[in-house]
Amino acid sequence: MSDHQYFEDDALGKAYDSQLMKRLLQYVKPYKKWIVLALAILIISTLLRLAGPVIIKLAIDEYIAVGDADGLGRLALLYAGILLVQFFATWGQIYLMEWIGQKAMYDLRMKVFRHVQGLTMDFYDRNPVGRIITRVTSDINSLNELFSSGVVNIIGDLFTIFGIVGVMFVINSKLAAITLIALPLLIVATILFRIKVRHAYREIRRLIAKLNAFVQEHVSGISVVQNFVQERRIFNRFNDINRELMGRHHKSIIYYAVFFPTVEIISAISLGIIIWYGGGQVIQGAMTFGTLVAFSQYMEMFYRPIRDLSEKYNILQSAMASSERVFKLLDTKPAFKTPAKPVITDGLKGEIKFKDVWFAYNKDEWVLKDINLHIRTGEKVAFVGATGSGKTSMTNLILRFYDYQKGSITLDGKELKDFDGETIRKNISLVLQDVFLFSGTIEDNIRLGNGDISREQVKKAAEDVNLLRLGNGLKRGLDTNVGERGGMLSVGQRQLVSFARALAYNPRILILDEATSSVDTETEVIIQKATETLMKGRTSIIIAHRLSTIKQVDKIVVVHKGRICEIGSHDELLAKKGIYYNLYQLQYKDQELPAAV
Ligand SMILES: Nc1ncnc2c1ncn2[C@@H]1O[C@H](COP(=O)(O)OP(=O)(O)OP(=O)(O)O)[C@@H](O)[C@H]1O
Ligand SMILES: [Mg+2]
């Protein structure tokens, strides 16, 4: 259990990458009109905000100074009006931006999920589940922050900053110039802070990914952890990661704790300069008192967006990194594609032929070598062989989970590569060694959401495999809840649910990767009967671990180190005294054949 695979490739990305931004914008394009509206509102509300201090200045200089109470009243009304408009503008703008963001992220999530569903098995071999989950959830969430945390408001912030400077210069250029003396200091402080925090943030993100992966793995494997009494060791490792994460947070907190008061002080210095210099000017009569008040208000408005900018910058950066990862996933191509004009069939008969087939999961590491095999329509075939010999791999090729490199596999005489994966899998049911059930009821798991299968058919399938008779019986019948991954059912019951599922789907071809786990004799008999029912009238390939199954098939295919060594019936192969004979001696001989019921 090493951690290295969980290190998220979290290099220090650019905070702004126009290429990525362009692609991201594709997702908000459908909402262009709304964005334009939001931006228009943003500009209006910013302008209104900038008007505030000017009105105060007017109030002081034009009305209060000359004692015009009526005028002051009118101005107050105007001010109230502006505030009201500003309220609605801000409301509209926040609402629109959030709404657009959620819509766009909804679309993107759908797209990523659909894409992931279409990827071939080799992708899933290479990528841990946790990483794929992160893409669909937290990566997209951090993109969403672009909208929700108001990073889009950066435009508004910049607008405010330049607007303030502009207005100040218009009102009193000399005072404006003096006010901005402290600005370089602020710029230096912001840059320093940004560099430090950027690094800390990257580390924090890396550690959070590591923590997530760690928790996920050890919660999934909790039974192993508890069984082997590993809690303390695992807890200590968790503690290490957690402590490191806290340490990083601690560092970033220090930077924040220094940065914010620094900005406060710089802003206070600026204010001091305004009062000192501007106050002097007022005393000398070179400037109005209103101007002084307006300036000091602008100063306050000036520093807030600057302080926010550095935080938004971080969000922008992590959103860029996330979008890069999401797009990388979207750019992952399936290892092979559906042909442009796939074979159309009304229904397969179920004849399978391997001709000189070679196959490797990883380049040049041949797992299947020169496979030749003919399975006739309706024939029942058992694959036997030592563990790792390549039995499952052969069925993986038939199901088109992987692409074969050499030779040809045909289905009803037509090349497998010319079919569309969906057609193939609709006609083939796979009953797996470790049965995967989804949370829900037994009926849900048999039907798998297929509306064409009626409750009656589900019931019949369950009865045909004797599912409800097993053990103490399932008290709530088909409505029994199976729990996550079917954890609330016994191994035998889970097997039978997957048998019933296959039966209800009524495929032309059945592939059964038989469970190696042993079950009690009664269950064994029920499973054996269910297997017989399942094989009836269809081409069946069974990766057999039970002697009882092997005895039922038409022919046995012996796989050894990726090659087919022997083909024949049980008796023929025993007489041959070859690999099957040895296998039989080692593996099957001691199995008792249960009496048929
Ligand atoms: N997804 C994969 N990626 C890379 N190699 C794989 C993959 N799956 C299987 N292999 C390798 O291919 C070989 C054949 O595996 P396969 O699963 O076909 O064996 P098997 O005969 O079904 O064994 P078992 O009886 O244990 O199920 C093994 O050496 C295995 O390590
Ligand atoms: Mg296998």
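Coordinate-derived values only; no laboratory data. Here the structure is a predicted model, which is why all the values come from computation and not from measurement. As a convention, Cβ positions derive from the backbone with ideal geometry for all residues, glycine included, and neighbour counts pool all protein chains shown.
Worth a mention:
- The Rg/Rh ratio for the stretch 303-444, using Cα coordinates for both the radius of gyration and the Kirkwood hydrodynamic radius, is 1.21.
- The shape of the stretch 4-331 can be summarised by an equivalent ellipsoid whose semi-axes, obtained from the alpha carbon gyration tensor, come to 49, 25, 16 Å from longest to shortest.
- Taking the C-alpha atoms only, the angle from helix 289-331 to the longest principal axis of the chain is near 10 degrees.
- Computed packing ranks the peptides 62-74, 526-538 as 526-538, 62-74, most packed first, by mean other Cβ atoms within 10 Å.
- Peptides 315-325, 128-138 ordered by packing proxy, namely the average of other Cβ atoms within 10 Å per residue, highest first: 315-325, 128-138.
- Evaluating 6.51 cos²θ - 1.76 cosθ + 1.60 at θ = phi - 60° for every residue in the stretch 531-543, the Karplus couplings come out as 4, 4, 4, 5, 7, 4, x, 9, 4, 10, 10, 10, 7 Hz, glycine and proline recorded as x.
- Using all pairs of distinct alpha-carbon atoms, the Kirkwood hydrodynamic radius of the stretch 161-249 works out to 17.3 angstrom.
- Coarse-grained scattering of the stretch 102-210 at q = 0.12, 0.15 Å⁻¹, given as base-10 log I(q)/I(0) from a Debye sum over alpha-carbon atoms: -0.70, -0.88
- Where a label projected 7 Å from the Cα of residue 99 along Cα→Cβ would reach, residues of the stretch 28-70 with amide N under 19 Å: 28-45
- Hits among lysines - C-alpha to C-alpha of residue 341 under 25 Å, sequence gap 8 or more where chains match: 111, 333, 349, 353, 355, 406, 414, 417, 426
- Residue order, fewest to most surrounding Cβ atoms within 10 angstrom, among 444, 452: 452, 444
- Of the peptides 563-569, 344-350, the ranking by mean beta-carbon count within 10 Å, highest at the top, reads 563-569, 344-350.
- Alpha carbon Rg of the stretch 53-110, scaled by the compact-globule rule 2.2 N^0.38 Å: 1.94
- Angle between the chain longest axis and helix 231-273 axis [Cα atoms, degrees, rounded to 10]: 20
- Calculated SAXS-style log₁₀ I(q)/I(0) at q = 0.08, 0.09 Å⁻¹ - the chain, Debye, Cα scatterers: -0.77, -0.88
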